[in-house]
Amino acid sequence: MPDAARTYEVRTFGCQMNVHDSERMAGLLERAGYVPAPAGGESPDVVVFNTCAVRENADNRLYGNLGQLAPKKAARPGMQIAVGGCLAQKDRDAIVSRAPWVDVVFGTHNVGSLPVLLERARVQREAQVEIAESLEAFPSTLPTRRESAYAAWVAISVGCNNTCTFCIVPALRGKEKDRRPGDVLAEIEALVVEGVTEITLLGQNVNAYGSDIGDRQAFSKLLRACGRVEGLERVRFTSPHPRDFTDDVIEAMAETPNVMPQLHMPLQSGSSRVLRAMRRSYRQERYLGIIGQVRAAIPDAAITTDIIVGFPGETEEDFEETLHVVREARFAQAFTFQYSKRPGTPAAEMPDQLPKATVQARYERLVALQDDISWSENKKQVGRTVEVLVAEGEGRKDDATRRLSGRAPDNRLVHFTRPAEPVRPGDVVTVEITYAAPHHLLAEGPVRAVRRSRAGDAWERRTAAPADRPQGVMLGLPTVGAPAPAAAGAGAPGAPGCEVC
């Protein structure tokens, strides 16, 4: 009787890029013969941590998790633990020193080495640490296990050329490397054949795309090219940098029908003085000018943002400037963060670090203001008829409320009454918005129309797979990932370390 396949679990911390990388890790392991560990079962044979170095206390969180696994590993011969991602790139040998029961440490540039390193650690019975200093191959050439049948990440670049003083990501991910436009479009076309109808273009600084290949208008050209992909219904991107947000990008967004009326534009601070200290290459006037241009070209666009409260040296006047921008921009949602030191960043060594109580008080004022604005902006949606892409796992209370959930074109979360006819994730429903809350919309009346889609067919094929087959979607070359839900309000998951985080 053949030996049972070894099981694995990937635990992901951090930004969308890490989510996408984790799907590549899962794809690599399955190609090597591993199978996903069943939920609620015994400990997997292999546990992989894909770490983040941007979030506060990231190392404490990692070592806490590793400590919990130590006795399980001691009681289970053959179990292996691997640590990858940004914290692995940063701390390297320190991880094995602090947690000697770890078998493999690998960096952001050599994700593809994971199966080989696990096997080498098993055979040699000693920890394997491999940290590449530069990208070996663009990671989208690796196999990926997608969790979504209808929506996918498409990475167009990795790395970042900015030097924001609060961010360590460029030191860990490296300088920006762009994929060739033809390779990106080939991946998108392959995804559409698989049943995907929504893609999110992904990069650490997504609209800087083209700087590595010598074309300053490459990103707007790519958006327009996405508009010519038959069967691709929704295109999103995250996250742009105000410095690189040019007129041709706004025009491409407005003129390409399948580019959704949604924009996530990190602000970080409304104070030009603080922006200078952050080494952000725009000022308040420039930022509000971009917002005005976007609203003029796309009146119904929902704009979201990232804001850091309590950056070193931030005065009450500086904070009031941030509140001013929030009032002027009227963001649909905001990811808000209290500044905390990130070791290895210039900001961590700056004088005038603010007391925790001051930062907390400002944070609460910002959240209260943004919640009021979010609610007011959402109330404007009441009475509108919108098409909702039905999603899986967006509504935690859907079973209890007899509702389903999904995203409107502007990416607002909509909960709607479950219709009598079957509706699958990936299908599209037409509903009228009847109620608004700060972070979601309700459509309490009957669904006006249901459009069964290729994406819904793809979801149905996946869920009908035999029980012994992995329930994700495997795609060899090129690869994709499944987008996580977008901004869900102040303080939502994310990190202020880079534009994509």
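The values are calculated or read from the model by the stated rules, or taken from the named source; none is laboratory data. Everything numeric in this text was worked out from a predicted model, so none of it was measured. Reconstructed Cβ throughout: ideal geometry from the backbone, glycine too, with neighbour counts over all protein chains shown. Each accessible area value is taken on the protein alone, full model and side chains, heavy atoms only, with ligands, DNA and RNA left out. Shrake-Rupley method; radii C 1.70, N 1.55, O 1.52, S 1.80 Å.
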Practice problem: Determine the pairs where a residue that is closer than 13 Å to Ile308 by Cα, located within region 358-370, has a partner that is open to solvent by 20 Å² or more (accessible area, probe 1.4 Å) with Cβ atoms under 8 Å apart, the partner being 6 or more residues away or on another chain. | Solution: Val359/Gln338; Val359/Tyr339; Gln360/Gln338; Tyr363/Gln338; Leu366/Ala490; Val367/Ala490; Val367/Gly491
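Let's see how each residue does on (1) open to solvent by less than 70 Å² (accessible area, probe 1.4 Å); (2) at positive phi:
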{"residue": "Tyr363", "(1), (2)": "yes, no"}
{"residue": "Leu369", "(1), (2)": "yes, no"}
{"residue": "Arg407", "(1), (2)": "yes, no"}
{"residue": "Arg418", "(1), (2)": "no, no"}
{"residue": "Gly426", "(1), (2)": "yes, yes"}
{"residue": "Val429", "(1), (2)": "yes, no"}
{"residue": "Ala437", "(1), (2)": "yes, no"}
{"residue": "His440", "(1), (2)": "yes, no"}
{"residue": "Arg448", "(1), (2)": "no, no"}
Quiz prompt | Yes/no for Phe106 being among the aromatic types (Phe, Trp, Tyr), out of contact with any Phe, Trp or Tyr (no Cβ under 8 Å at 6 or more places or on another chain) and within 23 Å of Ile168 (Cα to Cα) | solution = yes
Exercise. Return the residue satisfying two criteria in turn: it lies in region 57-103 and is assigned to a loop (DSSP other than H, G, I, E, B) and not hydrophobic (A, V, I, L, M, F, W, C), and of such residues it is least open to solvent (accessible area, probe 1.4 Å).
Key: Asp103
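Could you check, for region 393-402, whether at least one of its residues is modelled with pLDDT of 95 or more, hydroxyl-bearing (Ser, Thr, Tyr) and not in a loop (DSSP other than H, G, I, E, B)? Before you say what the answer is, go through the steps one by one.
Restricting attention to region 393-402, the residues satisfying the condition of being modelled with pLDDT of 95 or more are none.
No, every residue in region 393-402 fails to be modelled with pLDDT of 95 or more, hydroxyl-bearing (Ser, Thr, Tyr) and not in a loop (DSSP other than H, G, I, E, B).
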Quiz item: Filter region 128-150 for residues that are crowded, with 19+ Cβ neighbours inside 10 Å and under 20 Å from Tyr34 (Cβ atoms); which is modelled with the highest pLDDT?
Solution: Gln128
Quiz item: What single numbered condition from (1) out of contact with any helix residue (DSSP H, G or I) (no Cβ under 7 Å at 6 or more places or on another chain); (2) open to solvent by 10 Å² or more (accessible area, probe 1.4 Å); (3) polar (S, T, N, Q) fails to hold for Thr345?
Solution: (2)
Practice problem: Report yes if some residue within region 192-213 is closer than 30 Å to Tyr339 by Cβ, free of Cβ contacts under 8 Å to residues at least 60 places away in the same chain, open to solvent by 20 Å² or more (accessible area, probe 1.4 Å) and among the charged types (D, E, K, R); otherwise report no. | Solution: no
Quiz item: Which condition number does Arg365 fail, the rest of (1) within 24 Å of Arg327 (Cα to Cα); (2) assigned to a loop (DSSP other than H, G, I, E, B) being met?
Solution: (2)
Quiz item: So is Val54 touching a residue at least 60 places away in the same chain (Cβ under 8 Å), open to solvent by less than 10 Å² (accessible area, probe 1.4 Å) and in a strand (DSSP E or B) or not?
Solution: no
Quiz item: Any idea which of Glu30, Glu42, Glu9 is outside any helix (DSSP H, G or I), open to solvent by 10 Å² or more (accessible area, probe 1.4 Å), of a type in the set (Asp, Glu) and under 20 Å from Arg146 (Cβ atoms)?
Solution: Glu9
